[in-house]
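The values are calculated or read from the model by the stated rules, or taken from the named source; none is laboratory data. Predicted, not measured: the structure shown is a model, and the values here were computed from it. Here Cβ is always computed from backbone atoms with ideal geometry, including for glycine, and neighbour counts include all displayed protein chains.
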Amino acid sequence: MYGRALAAETFGTFWLVLGGCGSAVLAAFYGTGDNGTSLGLGFIGVSLAFGLTVLSAAYAVGHVSGGHFNPAVTLGLVFGGRFPATQAVGYIIAQVIGATIAGYLVFVIASGQEGFAITPGAGTFATNGYGTEGSPGGYSFLAALLVEVVLTAVFLVVIMGATAKRASAAMGGLAIGLCLTLIHFISIPVTNTSVNPARSTSQALIATMFGEGVTVPMQQLWLFWAAPIAGAIIGAIFYRVCLDSNADLDEDIVRTDASAGTSRKAVES
């Protein structure tokens with residue numbers, strides 16, 4: 001069963017990077033048509049691509065593994081009391097593997113276009129970064145830190161709320177996918193949006209291995225592990241302490257069972 005969960009996490013993270021980063025590399029700035037209209041997806045299209053990959057993967061394999069597809073989510077759910085710590089390392093390894101395979105596949109596909117090359121510059125090959133060398137909008141380290149921590153914290157609150165006992169089970173994937181879309185709307189100009197260390201690792205690794213003089217993404221990668229994980233832990237603890245209604249639900253179940261027992265005893269007597 002655990003092996004199937006790892007396979008699901010590998011697939012889900014693979015699909016997230018292939019769909020999201022693939023859209024950014026292959027289709028974000030495709031060009032213009034004869035009438036001058038842009039044919040590329042742009043920020044809005046790439047944001048939707050990330051949201052749709054998570055949404056579709058959640059419904060496809062979420063019932064197998066829980067649908068994390070993100071090391072920060074896995075660790076956040078550990079601190080939120082929703083996932084066993086003993087299984088976290090396996091999940092994270094599977095996620096990084098799936099993301100890296102997808103990142104390499106995007107590179108192979110992109111290399112099929114004449115003149116394609118990964119060159120130094122902010123956001124190259126859908127990498128994440130900060131400062132003038134890494135941020136698409138030239139945002140500072142502090143701006144990148146804040147946006148990654150805060151947005152990942154919000155993401156965990158949404159995930160935990162959408163998958164709570166009292167939430168509509170059928171709508172969880174939709175809420176999470178739309179939340180990730182909104183996160184990208186906000187933060188693509190700032191960091192090219194990470195909130196997912198596996199996604200950041202795959203693009204930084206491939207860009208460094210196959211790019212010409214591309215070093216910044218790997219140098220700055222530490223932030224895109226530290227900030228999303230910190231944000232996920234903050235969001236999960238906040239939800240668990242301040243918002244989680246599961247404890248109330250459990251108490252209601254106990255009261256209902258006790259009442260039912262009393263009723264049964266009254267009837268039997």
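For residue 206, the conditions (1) under 23 Å from residue 58 (Cα atoms); (2) in a helix (DSSP H, G or I) all hold with the exception of (1). Of the set (1) modelled with pLDDT under 95; (2) outside any helix (DSSP H, G or I); (3) among the hydrophobic types (A, V, I, L, M, F, W, C); (4) under 23 Å from residue 223 (Cβ atoms), all apply to residue 69 but (1).
Kindly evaluate residue 163 against the criterion of being on the phi < 0 side of the Ramachandran plot, among the hydroxyl-bearing types (Ser, Thr, Tyr) and modelled with pLDDT of 95 or more. Here the answer is no, as residue 163 does not meet what is asked. Might you let me know whether segment 94-110 holds any residue that is in contact with an Asp or Glu (Cβ under 9 Å, 6 or more places away or on another chain), among the polar types (S, T, N, Q) and closer than 21 Å to residue 232 by Cα? Yes, there is a match, as at least one residue in segment 94-110 is in contact with an Asp or Glu (Cβ under 9 Å, 6 or more places away or on another chain), among the polar types (S, T, N, Q) and closer than 21 Å to residue 232 by Cα.
Whenever a residue of segment 170-197 is at pLDDT below 95, its partners that are surrounded by fewer than 24 Cβ atoms within 10 Å (Cβ to Cβ) and outside any helix (DSSP H, G or I), lying with C-beta atoms within less than 6 angstrom and at least six residues away or across chains, give the pairs 172/163. State all residues of segment 212-222 that are hydrophobic (A, V, I, L, M, F, W, C), part of a helix (DSSP H, G or I) and surrounded by fewer than 21 Cβ atoms within 10 Å (Cβ to Cβ); if no residue qualifies, say none. Answer for segment 212-222, where residues must be hydrophobic (A, V, I, L, M, F, W, C), part of a helix (DSSP H, G or I) and surrounded by fewer than 21 Cβ atoms within 10 Å (Cβ to Cβ): just 218. Would you be able to say whether some residue in segment 86-107 is part of a helix (DSSP H, G or I), among the aromatic types (Phe, Trp, Tyr), touching a Ser or Thr at 6+ places or on another chain (Cβ under 7 Å) and in contact (Cβ under 8 Å) with a residue 40 or more places away in the chain? Yes: segment 86-107 contains one or more residues that are part of a helix (DSSP H, G or I), among the aromatic types (Phe, Trp, Tyr), touching a Ser or Thr at 6+ places or on another chain (Cβ under 7 Å) and in contact (Cβ under 8 Å) with a residue 40 or more places away in the chain. Taken over segment 4-42, the residue count meeting the criterion of being crowded, with 16+ Cβ neighbours inside 10 Å and not small (Gly, Ala, Ser) is 14. Scanning segment 57-85 for residues that are in contact (Cβ under 8 Å) with a residue 40 or more places away in the chain, small (Gly, Ala, Ser) and more than 13 Å from residue 17 (Cα to Cα) gives 58, 60, 62, 65, 66, 67, 72, 76, 80, 81.
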